Structures are given as structure tokens and as C-alpha cells.
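Presented below is the structure to which this report refers.
We did not get these values from a lab; they are worked out from the coordinates using the rules stated. As the structure is a prediction and not an experimental result, all values here were calculated from the model. Cβ placement follows ideal geometry from the backbone for every residue including glycine, while neighbour counts extend to all protein chains displayed.
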Amino acid sequence: MTRKKRRMYLIGAGMAMLFAAAGLVLTAFQDNLVFFYSPSDLQEKTVEADQRFRLGGMVEEGTVKKSGEMVRFNVTDYAASTPVVFSGILPDLFREGQGVVAEGTIGADGVFVAQEVLAKHDENYMPPEVADALAESDPDWKKKLGRTAEGVDPAQATN
Amino acid sequence: MIAELGHYALVLAFMVSLVQSSVPLIGAQRGDAVMMDLARPASIAMFLLVGTSFGALTYSYVVSDFSVINVAQNSHTDKPMLYKISGVWGNHEGSLLLWITILVTYSVAVAFFGRNLPPALRARTLAVQGMITGGFLLFILLTSNPFLRLDPAPIDGNGLNPLLQDPGLAFHPPMLYLGYVGFSMAFSFAVAALIEGKVDAAWARWVRPWTLLAWTFLTLGIALGSWWAYYELGWGGWWYWDPVENASFMPWLAGTALLHSAVVVEKRDALKSWTILLAILTFGLSLLGTFLVRSGIITSVHAFASDPTRGMFILLLMGVSLGGALLLYALRAPDLKGGGLFAPISREGSLLLNNLLMATATATVLLGTLYPVFADALNLGKVTVGPPFFNAVFVPLMIPLVIAMGFGPMLSWKRGDLAGALSRLKAAAGAALLAFGLAWVLAGGALDDVLAAFGFGLAVWLLVATLVELAERVKLFKAPLAESGRRFARLPRAAFGMTLAHLGMAFIVAGVTAASAYKQESVQVMVAGQTITVAGYEFTFQGAERVEGPNYSAVKGHFGVTKDGEPIAQLDPEKREYTSPPMPTTEAAIHTNGWADLYAVVGDPNEDGPGFVTRIYFEPLVPFLWYGSGLMALGGFVSLTDRRHRVGAPTRRKVAAATAGAKPASA
């Protein structure tokens, strides 16, 4: 085997792998990209019934109703609000007035059926999409939240 | 006072890093032995200074000095001592300090254990380490100083995120960083070799143990994180393809490829420039991981308090180090002469196949992880790339890899005999077919079960093929048993390590297959005395009561588990409400029989009536994931004890052989 021949083999194998990977990625992208919408987005556009997507915003105060393992609550971005139904145990940090991301589909009745409600590991964490969506619908959302960490003022801490 | 001492030590360490990153480099260029030798005391000084700083922060945590902001935000007097200490790295600033501490520990290890290295290579390697350390010291001093004071000091601290108050997570970050940061060694060696313009078998033999050490720790770190997520988060899963998980997985994949390609450089003097590139990219992916985790650019279930300026700084660090290294690579790589030729079907060929598949897998994970960022930047909408994408792309790439793992070690160097290897693997192929058939029939023989059965077949193929390879090595049944025993004892540790790691992979394939295909889940409201059946096990809810812990109060549920009337286990999950910071956590109760886990979670009380929401999982073969990771890490450690890594390394100068023999072998 000559050096040149070996190089051809290598390039051939590399290209084959690249094409295989590109094919895999493209097909997987086609089926598995999950879009993120806020309640305001949902008012503007219609999402097909079987299209899986993520809904993000704040859990609206006073809307959480549990009956058995079924939970109903509204997700709001302070401009619009979407009812959500979920069956299962909510993540530990699910609370009224806190950021939430739910993944699932929307029914013809406008109720979002969540298959998954995402847990965050930190109570002060805000998913960037939720923060963006809130900022878009209401630039003053941070003040409405009126929530700072107790004890230490975060603004002072990060100087 | 102690905190100021720590801060001052960091500043001094930065000064030393400036010396370390310049003087030895110039010395190596001029052939000045005195300047080159400065690398050693400089790295020792840096180690002592950063160690002092880390000690100072740890001390502030241990004595709960809340006048330090970092301590006030992340600690609390009520916390058990273990979590006071692990709280040091349970936050951005402290974990960055741990990062640097580990970095300088690796540097000082080279200074001590790298005595058989040629002085110029050692000086250059330590200089590159010094540059990386300097960059990170600047980062911590400018944006993330853990020693800032708070006046007036609060009476008590905010406490540590209760999810982090767990033994599994106490040791997860140090392990992970030992891995991440350890790849800096491969990077520094690669850059030093590029400056020198010389990559040979000796270089590969020096760089391999460091890469192996880093890889072993990273394996342990990822496994610990996965295990923690499994038992602590109460969701019954162990991998979510979350960006932060991918951030640690990408360097692991690239590092695995690097380990294998370095073998080819060492044994056959081929694939040199590819190996150098892999070494650079592996550490680049470690830096990328650090960036993804700390910049908050990507939505993740793992939240580090994020800050755009920090993100910018890491991006800058990444750009300078990667850009510089790649530029050097572009200039110097064409001069690296390829060595031995080999046929596509050969040991080198199979290792190359491993590299191609691993690199492709890394690239697809990278694409999936970063795609949401690109999509957002290009206004394609906000998207998430979740587990279905990664499963669809990653699994098909792993199938040929596992198949090749079976016969690769059977092929000889240069020109292998594939037909011969396959005929020696008849037993493995037969066992794999049998496992496939058995798994398929037992699962019911439906078309849906084919994939899972195929997964089991693959696992058995790899398991038997690896054992056959070991048996051939020791001539089991072909020579007298005593002879086989002698051969086994004399087996090179590196070969034995490979066998263990490949066996570990077989366990992981089996575990992943079973856990994805046959996991069962049941969510319901249960009242005391009620029984439900999951996977043939009867779970009887015996009620729940309130219990008080040291810094939390909890609802504790009780489940009695029976199978066919025989008692199997008692499961007592808790739902805890921590007091500082106020935050609930789920403590799942898990019973394992070594093959499968029974997993129970108690949730909130039912609001409409009596009872509690409960969640029961049947998790088949999940323990195999932990066995498999453990075997892989064990393989890494066993391979590290190979004496070839320590003594008798091929030396570039003939005279060095004599001094190496005279020196006592260091452990």
C-alpha cells in the first residue's frame, strides 16, 4: 500500500462518515426540533395540534389547581396567558409566580397538554427564553416580580 | 484577614504565572538550561500560592465567616461540615478556584514526575500550562473574586442549594474538573511539540498517561453526576442530553478518541498530526463546556448563576488559546512526517475507525448543543434540541463502533487478517445472535422489540469478543492452566486496562438498552393501604408522616414492596422542605437487586381528598450503567499502573536510559 493510496482510503472513509453524519443530523432535525413559544406568540400564530413545542413564562398567581395527579395552571407573560394541564408530580421548584417551561402539544380547545414540566436546579434561575419573552411583552417584568434573594442583595454581591 | 491573604496569594500567583509562561519558553528557544529550569520552581510556587488561596476560602467556609460575600451567599451555620466544605465549590467563584487549583496541581505533577522528559519539552509544556493558568487567574481576579467582603456581615448565610447538599454532588465537581482540567496537559504537550516541531513515539508515551488520568477522572465525574441526577431529582432518569451534560460529554468523547490515536503514534509513529489536533480540540471542548455552563447562553436544567461579562471573558480565553494553538498547528503540522504505513484492515485501521466515529459523534453532539444559539442569532426562532435528536443521531454512530470494538483488538498491526479475526470470534457472534433471539422472543416478538433486542445482542457481542481476546492472550485452554495463569499475571497492565474498559462499555450498552426500552412508570394518587402493581411488584402505600431533619422538615412516605406475596423491600421516600434557602427537594427511595431498581417517590398531598401523589418506577439494568462506568474507570487506573508509563520510556537520548534505571520507580 502506498502513501497516496492510504490517503485516498482515509479521505474516502472520512467523507463517507461526514455524509452519514450529515444525513443523520438533517433527518433528526426535521423531526425533533422543538420550538419555544410564549403565550403572546400563541395568540398571534396557530400551532398544529400534533406539533410538540415548549411553552414558557411565569406560573400565574392563583391559577394552580390540583386534583389527584392532574394539575391545571396558567402560564403568563403578563400580556397573554395560556391554560396548561399536566398529569404527574411537578418539579420541586414549581411555584406560583415563578418561571416555568413546559413541553407538550396544544389542543383545539386552546389548552396546552404538557408531557413534561422542566425542573430547574436553582430557585433564582430564569430560563433565558422566558426572560426574553417577558422582556418583549413587558419591559418592566422584573419590578413586577418584586423578588430579591433574602439576606444578601444580589446587586451588591456581584459588584 | 485570612480572606485577604487568599486574595493576595492569587495576585502573587498571577505574577508567577507571567514568569512561568515566558522565561522557560525563551530558555528552550535559546537552549539556556538555567532559564528552562526556572519552570520547576515557578510551578511549585504557583501550586503553593493557589493552594494557600484555596485553603483560605475553605477556612472561611469552615468557620462560617459571613463577612465574605461568597460564604454568606452559599453557606449557613446549620449545614453539616461536609457540605460547608463542598459548598466551597458549589458556586461559580469557588468552583473556578478549584479549577485553577487542579490546573496547578497538574503542572506541579509534571515538574515532579516529568524528570525523564527532555528539558526543552518539559520547559515548553510547563510554559503553556503557565499561560493557561495565568489566563484563568486573570479571569477569577477580574470577574469572579471569591474573596470580596460584605459590610456589615449578615448574622447568617443564605445556605447552599439543598440539591447540592448530597454526598454524590460533593465529589462530582472535583472529579469532573480533574478530568476537564487534566486535558490541559494533553493540550500543553501538543503545543510544546508543535513549537518544537517534533512528534514521535516518545512524545506519545509521555502524553498518554496524563490523558488517561484525565479521562479516568472525567469518566468518574460524569458517572457520579448521572448517578446523582438519578437518585436525587426523583425523575427516574439518568441522562437528558441537556447542554450542560453534553458539555462534559464532548470532551469525554474527544478524549476517548485521543487515547486511542495516541496508541497509534506510540506504536506505529502514524496519525501524528491528527493526534495533535485531537489534543488541542479536546481541551478546547473542555473550555467550551466551561463557557456553556457559566455564560448562561443556553437553557439548561443546571443553573449556574450566569453573567454575560464572565461569558465574554471565557470566550476570549477560548479564542486566544484555541486560536493560537490552531494557528501554530496550521504552520507546523505539514512538517510532521507521517511514519508507518498500514492497510485499512489492521489494528491502526480499527483505531482510526474508532477515531472517525468518535469525532463524528462529538461533532453531532456539538451541533445539537449549539444549534439553539445559532438559530436564535440567525432569527430562525427559539428552538430546543432535545433527547430525541441526540438519540436519533448518536445511537446509529455507536452501533458500528461497538461492532468494531469486538474485532479491532484481534487485528494485528500494519496488516490484519479480518477473516481470521472473525473466525476466532465465532463464539461471540453466536452468543450475540442467541442474545438477540432470546431478548426478542422474551419481549414478545413484536416488531417494536427488534431494536432493544439488537442492543442486547450488541452488548453480548462486545462482552464475549472482549473475553475471547483476553482468553487468546493468555492461551486459555490451549496451554496448561498454570501457563495461562502465568501469562495472565504477566499481561501488560495497559492491555488489561483496555479489556476492563471495553467490558465496561458492554455493560453500559446493555444498561442503556434496557433502561430506554423497558422502564415502567406509574403516577397516581394513593391512600394508605392501597396497592398498585408495577412490573410484577406490588407496591403498598402504608401512609406518610412528617419528620424533622437538621436543616429541613419532610414528609416521609412508606411503601412495602412484595412480589408474589413475598416481601422484597421497604421504600421510604421523602419530600423535604429545606429552611435555608427555603426550597423543596425530592429524596427518592431506591431498592436494587443488582439487576433492576425499584424506585419510589412521594409527592404533594392530594388537595381534593385523602392520599398523596406518588410515582413508582421499575428501572431494569440501570445498575449496569454504574458497573460499566466503574469498570471503565478501573480500566483507566489499571492501565495507569503499567510500568511502561513510568520507567523504560523510550528516551530520545541514549544516556538517559542509564539515569532512568538508577532512579527509584515513583508510584
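General remarks:
- Per-residue Karplus couplings for region B:571-588, computed as 6.51 cos²θ - 1.76 cosθ + 1.60 with θ equal to phi - 60°, are listed in order as 10, 10, x, 10, 10, 9, 10, 6, 8, 9, x, x, 6, x, 9, 10, 10, 6 Hz, Gly and Pro entered as x.
- Antiparallel DSSP beta bridges within the protein assembly as shown, as percent of all bridges there, nearest 5: 95
- Label-to-label distance for B:I403 and B:W595 is 3.0 nm, based on points extended 7 Å past Cα in the beta-carbon direction.
- Taking each of B:K519/B:K556; A:K4/B:K337; B:K267/B:K414; B:K84/B:K575 in turn, the alpha-carbon distance tops 18 angstrom for B:K519/B:K556; B:K84/B:K575.
- Charge tally in the Cβ shell below 14 Å around B:S43, where Lys, Arg are +1 and Asp, Glu are -1, B:S43 excluded: +3
- Counted by neighbouring Cβ atoms within 10 Å, the residues A:E103, B:E566 run from fewest to most as B:E566, A:E103.
- Tensor-based shape of region B:208-339 (alpha-carbon gyration tensor, a/c under 1.5 rounded, otherwise prolate or oblate): oblate
- Vicinal HN-Hα couplings computed from phi for region B:447-453 (Karplus, 6.51 cos²θ - 1.76 cosθ + 1.60; Hz; Gly/Pro x): 5, 5, 8, 4, 4, 5, 4
- For region B:1-162: rounded, prolate or oblate by the Cα gyration tensor [a/c cutoff 1.5]: prolate
- For A:R7 and A:A135, the difference between the fully extended length at 0.36 nm per residue and the C-alpha to C-alpha distance is 40.7 nm.
- Hydrodynamic radius of chain B per Kirkwood, over alpha carbon pairs, in Å: 27.1
- Rounded to whole Hz, the Karplus (6.51, -1.76, 1.60) HN-Hα couplings of region A:90-95, x for glycine and proline: 6, x, 4, 9, 6, 8
- Taking A:I11, B:I345 and counting other C-beta atoms within 10 Å, the order from fewest to most: A:I11, B:I345
- Per residue of B:232-238, other chain Cβ atoms within 10 Å of the residue Cβ number 2 on average.
- Close amide H pairs (under 5 Å, H built 1.01 Å from N) link B:S580 with no residue at least 5 positions away or on another chain.
- Neighbouring partner chain Cβ atoms per residue of B:366-377, average, 10 Å criterion: 2
- In this structure, the amide hydrogen of B:I568, modeled 1.01 Å from its nitrogen in the peptide plane, lies closer than 5 angstrom to those of B:V561, B:T562, B:K563, counting only residues at least 5 positions away or on a different chain.
- Taking a ≥ b ≥ c as the square roots of the Cα gyration tensor eigenvalues, the protein assembly as shown comes out oblate, since a/c reaches at least 1.5 and a/b does not exceed b/c.
- Gain upon complete extension [B:D151, B:R415; 0.36 nm per residue less C-alpha separation]: 87.9 nm
- Rh (Kirkwood; distinct C-alpha pairs) - region A:1-80, Å: 17.3
- Peptide A:16-26 shows a mean partner chain C-beta count of 5 within 10 Å per residue C-beta.
- Sequence of B:I590, B:I568, B:I508 once ranked by neighbouring C-beta atoms within 10 Å, starting from the fewest: B:I568, B:I590, B:I508
- Sequence-distant residues sharing a close amide H with B:D417 (under 5 Å, placed H): B:S412
- Every Cα-Cα pair in region B:603-648 was counted, and those over 16 Å apart are 67% of them.
- Counting only DSSP H runs of at least 4 residues, each contributing -39500 (n - 2.57), and dividing by the residue count of chain B, the helix-based mean residue ellipticity at 222 nm comes to -21500 deg cm²/dmol.
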